[in-house]
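The values are calculated or read from the model by the stated rules, or taken from the named source; none is laboratory data. The model shown is predicted, which means the values in this text are computed figures rather than measured ones. All Cβ positions, even for glycine, are placed from backbone atoms using ideal geometry, and neighbour counts span all protein chains on display.
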Amino acid sequence: MAALLTPVFESVRHLTPIIVVITFFQLIVLRQQLPDLLGVLTGALLLVLGLTLFLRGLDLGLFPIGESLAHDFARKGSVWWLVFFAFALGFGTTVAEPSLIAVATEAALVVAKASIIENTDAARAAYALGLRIMVGLSVGVAIIVGVLRIIRGWSIQYLIIAGYIGVVTMTAFAPEEIIGIAYDAGGVTTSAVTVPLVTAVGVGLASSIRNRNPMIDGFGLIALASLTPIIFVLAYGMII
């Protein structure tokens, strides 16, 4: 029984600050009753249940499988297979990311209204698909760089500094219409599935390689996955 209730209590603890903030501003600052109190309570209950199942699923599924895959590839000893897996993992999880689909679809609508592309269903679909593929490729490349960093022992700070120097430089030359989209693209790639799976792979790989510290070398993949889409989408806007 305790094993079932503990995740629920953890979810409630995580959500309590949000509930307190919303309740404070609704009742104290705005001085208004919560609309549809029954619906709000039902939604909160479903939110707690969903978060509980999600966190439990991470512990039982994504974290173990990510670390297991990393250990297996390390034992296999093939860098090429590991690189291919890293790219496929980054590309596949990103292209199917719902938040990226939403951003790409909205970006296509705005770009079409600005007469940058034809305002047709086909043109908007092609632009949105191209944007999604570009972001997917960028995350795939980011995971490859992150995996090679773990294998070779490269310092993460130099990669991040060089990347943001590139971002700042490209921002000065990129079309204004693409800059905001590019920066948002860096955020939508860190999804609820990608983050735990990629993190588990990084930690598992660092744990499997001699002279690698999981705390130092195992993390940083998500930072790269958030950085490279900005560069790729800025380049996409400059070319298209």
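Conditions tested, residue by residue: (1) under 22 Å from VAL147 (Cβ atoms); (2) at pLDDT 85 or above; (3) in contact with a Leu (Cβ under 7 Å, 6 or more places away or on another chain); (4) of a type in the set (D, E, K, R).
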{"position": "GLU177", "(1), (2), (3), (4)": "no, no, no, yes"}
{"position": "LEU197", "(1), (2), (3), (4)": "yes, no, yes, no"}
{"position": "ALA200", "(1), (2), (3), (4)": "yes, no, yes, no"}
{"position": "ILE230", "(1), (2), (3), (4)": "yes, yes, no, no"}
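The residues listed here are ALA126, ALA70; of these, the one that is under 22 Å from the mean Cα position of the chain (by Cα) and either modelled with pLDDT under 85 or of a type in the set (Gly, Ala, Ser) (or both) is ALA70. Report whether or not ALA112 is more than 23 Å from the chain's Cα centre (by Cα) and at pLDDT 85 or above. Answer is yes for this residue. Out of curiosity, is GLU10 farther than 30 Å from ALA86 by Cβ, in contact (Cβ under 8 Å) with a residue 12 or more places away in the chain and among the charged types (D, E, K, R)? Answer is yes for this residue. Checked against (1) farther than 30 Å from ILE151 by Cα; (2) small (Gly, Ala, Ser); (3) in contact with a Leu (Cβ under 6 Å, 6 or more places away or on another chain), GLY43 meets all criteria but (3).
Which residues, taken from region 138-181, are in contact (Cβ under 8 Å) with a residue 40 or more places away in the chain and of a type in the set (Ser, Thr, Tyr)? Those that are in contact (Cβ under 8 Å) with a residue 40 or more places away in the chain and of a type in the set (Ser, Thr, Tyr): SER138, TYR164, THR171. Selection of helices (runs of 4 or more DSSP H) fully inside region 36-100 by the criterion of at least 2 residues being free of Cβ contacts under 8 Å to residues at least 40 places away in the same chain and under 30 Å from THR6 (Cβ atoms) returns 37-57. Residues that are more than 13 Å from VAL139 (Cα to Cα) and of a type outside the set (A, V, I, L, M, F, W, C) were ranked within region 81-102; the one that is surrounded by the most Cβ atoms within 10 Å (Cβ to Cβ) is SER99.
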